[in-house]
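Q: Supplied in structure tokens, the structure appears directly below.
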């Protein structure tokens, strides 16, 4: 009598594979019990270490944020030197973290305002490589452009303003950067290039202040171009 072969289902195959795997594990447990215990202990130690590390990082992040908030309050109260010292501590102690990056950004701007252009340029350069924040990174390129402008290197100033304009997400910020580029073009007597930018700004934003500035500069340039050419 012919016995009909029954097809094994996928579910049964999975169950069989699972059963065999469990048997192997049980055998290995008895044969290699010390090794298993060592692995388990190792996993527990690693887990405890990771938990401590995460907890420490969280505490450090909170501490950095508290210091940053305190530093900003010092700025608002006009205690600039103490604020500068606090920002400097945060930037070094929490280097690479978001609070550390924000502190470095404040330092760069304070250096620029106080006339320490080379120091500000170095800080802004670091920030362009370090920062991922959607505001700080393009603002750092803008700050770098202003440093080059102060040093008289207009080509590098324009290059960094353009990079900032590419990265800014909001049209108002982009327009402000474009106005700076147009201003440089004016000093270089590139009046046609400046006019194009002013027209671009007029089409880009609805902010009254920015539109008014672009419109006034455009009208002035159109009159000037008729006199001087360019």
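A short reminder: the numbers here are calculations on the coordinates, not readings from a lab. This structure is a prediction, so every number in the text was calculated from the model and none was measured. Here the Cβ is made from the backbone with ideal geometry for all residues, glycine too, and neighbour counts use every protein chain on show.
Q: FRET efficiency for residue 212 and residue 66, Cβ-Cβ distance as r, R0 = 41 Å, nearest 0.05?
A: Using R0 = 41 Å, I get an efficiency of 0.50.
Q: Convex hull volume of the Cα atoms in the stretch 149-230, per residue, in Å³?
A: Dividing the Cα hull volume of the stretch 149-230 by its residues yields 83 Å³.
Q: May I ask you to sort 110, 204, 220 by Cβ crowding, counting other Cβ atoms within 10 Å and putting the fewest first?
A: Result, fewest neighbours first: 220, 204, 110.
Q: If you don't mind, another one. Give me the percent relative contact order of the stretch 149-211, please, defined on Cα pairs under 8 angstrom at least 6 residues apart.
A: The normalised contact order for the stretch 149-211 reaches 28 percent.
Q: At residue 171 and residue 133, where each label point lies 7 Å from the Cα along Cα→Cβ, what is the point-to-point distance in nanometres?
A: Distance between label points: 2.6 nm.
Q: Could you let me know the centre-to-centre spacing of the stretch 116-163 and the stretch 180-230, using Cα atoms, in angstrom?
A: Rounded to whole Å, the Cα centres lie 23 Å apart.
Q: By how many nm would the segment from residue 222 to residue 82 lengthen if fully extended, with 0.36 nm per residue of separation less the alpha-carbon distance? Display every interim value, and only then the final one.
A: Details: separation 140, 0.36 × 140 = 50.40 nm, distance 4.88 nm.
Going from the current span to full extension adds 45.5 nm.
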